[in-house]
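Written below as structure tokens is the structure these notes are about.
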Protein chains: 2
Amino acid sequence: MSKSIFYHAGCPVCVSAEHDIVNLVGASNVDIVHLGSETSKISEAERAGVKSVPALVTPNGNVLHINFGASMEDVKG
Amino acid sequence: MSKSIFYHAGCPVCVSAEHDIVNLVGASNVDIVHLGSETSKISEAERAGVKSVPALVTPNGNVLHINFGASMEDVKG
């Protein structure tokens, strides 16, 4: 199975969701991307369909938006 | 590890998220509850903190609201 990608921006709700996702899916099955520090990944996330963070992009390309932390517009600042 | 509980109400976004969650977490690690057919579970879901479906309640009691399908008010009809 290829990896999922968890996009977040460092907000408290993101970090809490990150811990839950890593526990559930397994740390080896998910890449964590912090869009606040890795701004070059923002366009990649948008192309994947990410509309808000935290979000999990599954290996088959579906996007699960989890809770609602911040819109992509907020992340871009 | 105890099981997670995935609450949904049969809407298309719920079913899509259900497939993703089962694939990611593993079918043996998650109980699926359809609040549309098991209306007696609605109060249990609300006590767990579920505010909209689909939602995943993790073994440690955190609630991950996934995308946004329907509010609990809509589920109650």
Report task. Could you list, in sequence order, all residues of the range B:17-49 that are surrounded by 15 or more Cβ atoms within 10 Å (Cβ to Cβ) and within 18 Å of A:Ala55 (Cα to Cα)? Result -> B:Ala17, B:Glu18, B:Asp20, B:Ile21, B:Val22, B:Asn23, B:Leu24, B:Val25
Report task. Identify the single condition in (1) without any contact (Cβ under 8 Å) to a residue 24 or more places away in the chain; (2) under 12 Å from the mean Cα position of the chain (by Cα) that A:Gly61 does not satisfy, given that it satisfies every other one. Result -> (2)
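Read-outs: derived from the displayed coordinates by stated rules, not from any lab. Bear in mind the structure is a predicted one, so any value in this text is a computation, not a measurement. Neighbour counts run over all protein chains shown; Cβ positions are idealised from the backbone, glycine included.
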